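Undergrad: I'd like to ask some things about the structure below.
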Amino acid sequence: MTDQLPDGALPRLHDLGRWIARGPFRTPFRVRVHGGGRVPTSGPVVVVANHSSMVDGPILFGVVPRRMVFLIKQEMFKGVAGTLLRWIGQLPVRRGEPDRAPLLAAQGVLRDGGLVAVFPEGTRGAGDVAEAQRGAAWLARSTGAVVVPVAVRGTLRPPGTRRRFRPLVDVLVGEPFELPDDRGRQALVKATEQVRDRLATLVAELDSQRGEAR
């Protein structure tokens with residue numbers, strides 16, 4: 001395992017965390033992965049995923065077949081949990097304000113051939129990717145990384161329902177794609193919309209598959 005992690009991360013602890021996410025953590029869920037082989041086995045990759053539940057990240061951490069550095073909201077980095085997140089190589093980011101430090105750290109991971117994961121919606125919600133922030137597109141364009149969209153469904157408990165026993169969670173990995181390297185603010189806006197559209201289309205495809213399977 002040679003994927004780059006941020007400075008200060010403990011690779012063995014990171015790998016232990018991925019093992020826990022693949023095994024013990026997944027026990028409460030029935031996780032089905034579709035297209036997992038589409039994730040490039042080497043080289044810089046920006047994974048973009050929709051976000052509707054706190055367990056989306058841990059599930060992806062286990063199913064993606066490479067070391068994975070997430071950009072995670074600063075509020076999660078408190079106490080023992082925050083220390084552990086840093087030790088396994090995750091990066092805290094402040095929402096709603098300029099925060100270049102984690103982006104530059106993620107950029108370094110990508111330039112060393114690693115994989116960085118971003119929830120471009122910026123916060124949990126319906127997970128339909130109606131909006132997207134610009135960080136993922138900026139990282140991919142500035143490092144030459146390919147973008148891999150990943151749709152996750154089944155982690156969010158429908159409103160008004162009781163706790164579910166081993167809910168079915170589907171993870172659909174889309175085809176990798178590259179963003180144009182045009183410079184300028186408008187080019188970044190256009191690239192961000194391309195990321196949003198690809199991911200939203202993949203989420204809609206997964207929703208359709210799940211609906212047909214019922």
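Computed from the coordinates by the stated procedures, all read-outs in this text should not be read as laboratory data. The structure displayed is predicted, hence computed values, not measured ones. Here the Cβ is made from the backbone with ideal geometry for all residues, glycine too, and neighbour counts use every protein chain on show.
Undergrad: I'm told GLN74 meets every condition in (1) in contact with a strand residue (DSSP E or B) (Cβ under 8 Å, 6 or more places away or on another chain); (2) farther than 28 Å from TRP138 by Cβ; (3) among the polar types (S, T, N, Q) except one. Can you identify the failing condition by its number?
TA: The single condition GLN74 does not satisfy is (2).
Undergrad: Of the residues ARG163, ARG198, which is in a loop (DSSP other than H, G, I, E, B) and not hydroxyl-bearing (Ser, Thr, Tyr)? Break it down into steps so the answer makes sense when it comes.
TA: Values: ARG198 fails: in a loop (DSSP other than H, G, I, E, B).
Of ARG163, ARG198, the one residue that is in a loop (DSSP other than H, G, I, E, B) and not hydroxyl-bearing (Ser, Thr, Tyr) is ARG163.
Listed here are the residues, each with its yes/no results for (1) more than 24 Å from GLU205 (Cβ to Cβ); (2) in contact with a Lys or Arg (Cβ under 8 Å, 6 or more places away or on another chain); (3) of a type outside the set (Lys, Arg).
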position: ARG32; (1), (2), (3): no, no, no
position: GLY35; (1), (2), (3): no, no, yes
position: ARG38; (1), (2), (3): no, no, no
position: HIS51; (1), (2), (3): no, yes, yes
position: ILE59; (1), (2), (3): no, yes, yes
position: ARG66; (1), (2), (3): no, no, no
position: LEU71; (1), (2), (3): yes, no, yes
position: MET76; (1), (2), (3): yes, no, yes
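Undergrad: Pairs, please: C-beta under 8 Å, at least 6 apart or cross-chain, first residue closer than 28 Å to LEU103 by Cβ and touching a residue at least 60 places away in the same chain (Cβ under 8 Å) and in segment 28-46, second among the charged types (D, E, K, R) and assigned to a helix (DSSP H, G or I)?
TA: Final answer for the pair search is PRO44/ARG111.
Undergrad: Just one of the numbered conditions (1) crowded, with 23+ Cβ neighbours inside 10 Å; (2) β-branched (Val, Ile, Thr); (3) on the phi < 0 side of the Ramachandran plot is not true of THR123; which one?
TA: Unmet condition: (1).
Undergrad: What do you reckon, is GLY144 surrounded by fewer than 18 Cβ atoms within 10 Å (Cβ to Cβ), of a type outside the set (D, E, K, R) and in contact (Cβ under 8 Å) with a residue 60 or more places away in the chain?
TA: Yes.
Undergrad: Answer yes or no as to whether GLY62 is touching a helix residue (DSSP H, G or I) at 6+ places or on another chain (Cβ under 8 Å), under 16 Å from ARG153 (Cα atoms) and not acidic (Asp, Glu).
TA: yes
Undergrad: Among the listed residues VAL64, VAL116, VAL109, VAL69, which satisfies the condition of being buried (at least 23 other Cβ atoms within 10 Å of the Cβ), among the aliphatic types (A, V, I, L, M) and under 19 Å from ALA191 (Cα atoms)? Please lay out each step first, then the result.
TA: Working: VAL64 fails: under 19 Å from ALA191 (Cα atoms); VAL109 fails: under 19 Å from ALA191 (Cα atoms); VAL69 fails: under 19 Å from ALA191 (Cα atoms).
Result of the check over VAL64, VAL116, VAL109, VAL69: VAL116.
Undergrad: Test LEU110 against the stated conditions and say whether it is under 24 Å from VAL93 (Cβ atoms), free of Cβ contacts under 8 Å to residues at least 60 places away in the same chain, touching a strand residue (DSSP E or B) at 6+ places or on another chain (Cβ under 9 Å) and not acidic (Asp, Glu).
TA: Values: under 24 Å from VAL93 (Cβ atoms): yes; free of Cβ contacts under 8 Å to residues at least 60 places away in the same chain: no; touching a strand residue (DSSP E or B) at 6+ places or on another chain (Cβ under 9 Å): yes; not acidic (Asp, Glu): yes.
So LEU110 does not fit the description; no.
Undergrad: Quick one: would you say ARG198 is in contact (Cβ under 8 Å) with a residue 24 or more places away in the chain, exposed (fewer than 13 other Cβ atoms within 10 Å of the Cβ) and touching a Phe, Trp or Tyr at 6+ places or on another chain (Cβ under 7 Å)?
TA: Against the criterion (in contact (Cβ under 8 Å) with a residue 24 or more places away in the chain, exposed (fewer than 13 other Cβ atoms within 10 Å of the Cβ) and touching a Phe, Trp or Tyr at 6+ places or on another chain (Cβ under 7 Å)), ARG198 does not qualify.
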